[in-house]
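Peer 1: Here you go, one structure.
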């Protein structure tokens, strides 16, 4: 499991040492650096996935499109270099990347394992394979990074070979493909709902029903085409509908459910705004669901603006479905003189949080105080 992410001169960070847990929640104001944390991991992922033996960090690809070096290197303190570091168990990894400000990729200038520099820069993937092949290298290569810009309903969904699209993809566009190709694979025992077949299709359908009662799914191949249709039913009294007629929230939640249930133990899932298009009760349910996913051994790092997501996680901790030590909460603030960029409130076993910095899910209280005339 990743236990820390280090960033130096990366985007808005002069220096960041961010502890990670089985479930890590990133909150904060807009443009404060939350997405940058996910993008750093996304860059490693897409370089290994799309350019496995590259000597350069690819800034633009299917998962992340960050532009040029000038867009990535911190404009205040950096010049041509940035650093990404990871701690995985007892092993630390560090990369220093460099490049001309107009370039769209960065050369590997220096690499180190456990603080010991390698004599010559080498490929990202090879470095990670030195000690534990198929461990961290495979987790980064096959992680799921699901962005907030997820695709909406479609008439058909393309089917890809799992070698090409093993996960749902940044926009969730491969979710139907993964669901179809892996439909008969068993999900993790800890995540399987009882009294339901343990295969992926039935478990995904059952999980979707916790968000959308009576939801049914039908994934059907299109004759003589590498595509499937997705039929959705929200009542036993109706036929299957095209996705456009079934409510936008369903197609936004489906990639999250498919990604997490299809993930293997010790894999990594990055989520932006899992609350999108969900009713508040559904958002709270999403928080509890992601707590279950983390408890089952899938590491989850999520960015959210939803206090309902947070409260769903708190309820899961209070109920004993996830320990407080398995949750990290980080509140990001704009970089201002004298301002701490990241504050990390601590959750206890009862679901209580020890500190509520200004702006940390407190807008409801501020509004109520205003209506009461107390501000």
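The values are calculated or read from the model by the stated rules, or taken from the named source; none is laboratory data. Keep in mind that this is a model prediction, so the values were computed, not measured. Note that each Cβ is placed from the backbone with ideal geometry, even for glycine, and that neighbours are counted across all protein chains shown.
Peer 1: Please specify each residue of the stretch 50-70 satisfying the condition of being touching a residue at least 60 places away in the same chain (Cβ under 8 Å) and either surrounded by fewer than 20 Cβ atoms within 10 Å (Cβ to Cβ) or part of a helix (DSSP H, G or I) (or both).
Peer 2: 52, 53, 54, 55, 62
Peer 1: With the structure loaded, tell me whether residue 325 is over 29 Å from residue 15 (Cα atoms), under 20 Å from the mean Cα position of the chain (by Cα) and in the same structural domain as residue 139 (by TED's automatic domain parsing) or whether it fails that test. Quick ask: steps written out before the conclusion?
Peer 2: Details: over 29 Å from residue 15 (Cα atoms): no; under 20 Å from the mean Cα position of the chain (by Cα): yes; in the same structural domain as residue 139 (by TED's automatic domain parsing): yes.
Criteria not met by residue 325.
Peer 1: Checking residue 365 against (1) surrounded by 10 or more Cβ atoms within 10 Å (Cβ to Cβ); (2) more than 24 Å from the chain's Cα centre (by Cα); (3) assigned to a loop (DSSP other than H, G, I, E, B), which single condition isn't satisfied?
Peer 2: (3)
Peer 1: Residues in the stretch 1-49 that are under 13 Å from the mean Cα position of the chain (by Cα), within 16 Å of residue 86 (Cβ to Cβ) and in a strand (DSSP E or B): how many?
Peer 2: 1
Peer 1: Which residue is farthest from the chain's Cα centre (by Cα), if the candidates are limited to the stretch 71-89 and must be closer than 24 Å to residue 267 by Cα and assigned to a strand (DSSP E or B)?
Peer 2: Restricting to residues being closer than 24 Å to residue 267 by Cα and assigned to a strand (DSSP E or B), the top hit is 83.
Peer 1: Now a separate question. Scan the stretch 174-195 for residues that are more than 12 Å from residue 259 (Cβ to Cβ), free of Cβ contacts under 8 Å to residues at least 24 places away in the same chain and in a loop (DSSP other than H, G, I, E, B) and jot them down.
Peer 2: 184, 189, 192, 193, 194, 195
Conditions tested, residue by residue: (1) surrounded by 20 or more Cβ atoms within 10 Å (Cβ to Cβ); (2) in a helix (DSSP H, G or I).
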position	(1), (2)
225	no, no
228	yes, no
252	yes, yes
261	yes, yes
271	yes, no
276	no, no
281	no, yes
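Peer 1: Scanning for something in a helix (DSSP H, G or I) and at pLDDT below 95, does the stretch 232-243 turn up at least one residue?
Peer 2: Within the stretch 232-243, one or more residues are in a helix (DSSP H, G or I) and at pLDDT below 95.
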